[in-house]
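Readers should treat all values here as calculations from the given coordinates under stated rules, not as data from a laboratory. Being a predicted model, the structure only gives us computed values, none of them experimental. Reconstructed Cβ throughout: ideal geometry from the backbone, glycine too, with neighbour counts over all protein chains shown.
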Amino acid sequence: MSENSSRRNFLKLGLGAAAMAPVSALGLSSAAFAATDPNDIQWDDEMDVLVIGSGMAGMIAAIRAAETDASAKVVVADKMSRLGGSSLISGLNMAVVGSDLQKNIGITDDSWELLLKDIEREAKGYNHRELTEVAAKGTLKLYNFLKDHGVEYDMSIGGGTGVKKLGGHSRARCVWPQGGGTEVIKKLQGYCKTQLTNVEIRKKILLDEILRNDEGRVIGVKVREKYRFSRKHDDLGDNDNPELNSSGKVKYYKVKRGLVMATGGYNQDRKFRGDEVGTMYNAASTTQPGATGGAIKAMISAGFKPIHMTLFRFAFPIPTEDIRWGILVNPRTGERFVDEYNNNDRQAIGMAILEERRHIDGEHTVLIYDQKGAEHYHDQQRFHLSLDGKNGINGTIWKFDTLEALADNFKMNTNLLKANVDKYNKNMAQDQDEFHKPKGVLKGASSISQAPYYAMQLNPRYNYAQGGAMISPRAEAIDVVTGEPIKGAFVCGEASAGTYGYIRLTACSTIDCGTFGIVAGENAAKTIPWA
Amino acid sequence: MLTLLLTVTASWVYADAEPDWKSLADEYTLKPHHQKLKFDCVMCHQGNDPEEFEPLESENCLSCHGSAKKVADRLQFMDPNHTNPHNSFHDGLSLDCYECHAEHEPSTNLCADCHTTTSWMGKVP
């Protein structure tokens, strides 16, 4: 075994170590990938660093690669004709420890250790702590990086302070970029255009295959240029099937230093996510339509180790902690089916809703509040957005003068609904709810009795894929057979896995994308070229 | 005024049989606004061989429609709310025409993927 341990030590010396002996010569088990001889390939183009994906993670990786070495040719390639990934249409709020905004409101006792604790409370042990620490420690650096590259922060948040305490966070530390993800993407694109001559952004380039040589090093990719993604498929994942979408012309790109996969999640891929979790086939998603399984499949085919694939994160149009004030009912029976507090476990509530919907031909379940519940809402701003019908699809909250009017609107039997509301009120008065919802968390809203009434069709959206390619703290992809980093391969952002776990704490996707984007870009540029 | 893509090639250049343009036009129908102008396939598609025709790029559309800014200005009244599909909050002037518009199939509405647009948008031409 001495050959194995010396090889492992070799790799641990870090990037840029001399070329390792071919896998076969060391007598190790067969590789997880089909090796490519670079001499067999007619390369159409070459670059030092190739970043796949133009969202926040990809753009930050590209910028850091280009800044790390001004002589490096950096190309960002995105399969879509619309750049920016899911970042473009996200709010991109972020948890930052030690920002000036936080200091201005007198918070001096926040720390990365406290943020780590908050994250791990949600991760419930699924995460790899060495990865989570990278994210927890890098928030201030990321905040300043974004500022230095043109991003401004929204000072209208938190009553003019620019910082807010979101659910699950122990301190007020969450900040919002002015104009959300759209602004972040625009600023980063603009920075590349005006300040970095060595970054080129290309769209409609589909990654088909990742090529590794017989030493396991990533040497290049097979792509299709002028690819046309089609939003007309019921399952957007069909776009990754060449039989259903054969657009584009095959080209081979030689990637001399590093490939950075910043390809986001697979949330829009019905079959791929449905294979992991049955009820998820029919879930909604408001991530970008291009979030399909093609990239993770290409990584798996190339021997990258996938983990956490069954984990997912739901998002509701309203804060999870505000669901508790109401009751969730099956519109056909008027009956409740879950504890609406559920320890703020949005996964459990989301799964219960999807499962209940399966029994009623996919009809929506209804969340009902009374006036007391509405007054207890944490996020009044979001509540009013919903009342105005401006909170996206399934985000609208309707107001009714009576329970009858409410029942009518959702085609419910008024008597059945009333009977169930009465049962809820009676049980809750004794703190004996049939679903064990604790009276203590409801404060003054422990009954549904005071008009006017409010209702919405609460439906979970699958908006974050914890699953992806496992990485090292240096953002290196890990080989599924050897367990070792893959030379020349990096993954960052939602495409990677291990930083988070059972649930991802809110305002933390950005810090994963950003901190690992920085690490991946720098390390890719520093990798010694193979050609 | 309109400038047309020049693609008319004399048929004697190609030794093979002339493509059945009539059947192609029946299968690949035009939207009413282009139908009115009595366009032939070759008005937009390069070359004289339908097998080689490729989907249009935005600059092809803009050879008649001018520029992204000109197209956006037609719906200027929607700018105050950033709801102008050709100059939206998320994309400004940078969307490709074919994100929404198709010629031989029904068009789609990118905004409607996430937003409820029924009160402020009609059918996408």
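Working from label points 7 Å from Cα in the Cα-to-Cβ sense, the B:Ser119 to A:Lys165 distance is 3.5 nm. With respect to chain A, whose longest principal axis is taken over its alpha-carbon atoms, helix A:346-358 is tilted by about 70°.
Stretching the chain fully between A:Glu152 and A:Lys232 yields a gain of 25.2 nm (0.36 nm per residue, less the alpha carbon separation).
Pick out, from B:Asn109, B:Phe89, B:Ser58, the residue whose Cα sits farthest towards the positive end of the charge dipole of chain B, with +1 on the Cβ of Lys and Arg and -1 on the Cβ of Asp and Glu. After comparing all options, I get B:Phe89. Each residue in A:Met470, A:Met155 was given a count of other beta-carbon atoms within 10 angstrom of its own, and listing them fewest first yields A:Met155, A:Met470. For region A:317-459, the gyration tensor built on C-alpha atoms gives a rounded shape. Its axis ratio a/c (a ≥ b ≥ c) stays under 1.5. When the square roots of the Cα gyration tensor eigenvalues are ordered a ≥ b ≥ c, the ratio a/c for the protein assembly as shown is 1.5 or more and a/b does not exceed b/c, which makes its shape oblate. One Cα centroid belongs to region A:361-384, the other to region A:93-108; the line between them spans 30 Å.
Applying 1/(1 + (r/R0)^6) with R0 = 45 Å to the Cβ-Cβ distance of A:Val481 and A:Val277 gives a FRET efficiency near 0.95. Once the Cα atoms are used to define both axes, helix A:2-12 deviates from the longest principal axis of chain A by about 70 degrees. Beta bridges from DSSP with both residues in chain A: antiparallel share about 60 percent, rounded to the nearest 5. Averaging the Cα positions of each part gives two centres, and for region A:441-519 and region A:126-169 these lie 15 Å apart. Between the helical axis of A:56-68 and the dominant principal axis of chain A, each derived from Cα atoms, what acute angle in degrees is found, rounded to the nearest 10? Roughly 30 degrees between the two axes.
With each label modelled as a point 7 angstrom along the Cα→C-beta vector, the A:Ala429-A:Arg121 pair spans 3.4 nm. Computed about its Cα centre, the charge dipole of region A:317-459 is approximately 40 debye, with only Lys, Arg, Asp and Glu carrying charge at their Cβ. Dividing the helix sum by the residues of chain A, where each DSSP H run of 4 or more adds -39500 (n - 2.57), gives a mean residue ellipticity at 222 nm of -9000 deg cm²/dmol. About the centre of its Cα atoms, the protein assembly as shown shows a dipole size close to 1500 debye [charges on the beta carbon of Lys, Arg (+1) and Asp, Glu (-1) only; nearest 20 debye].
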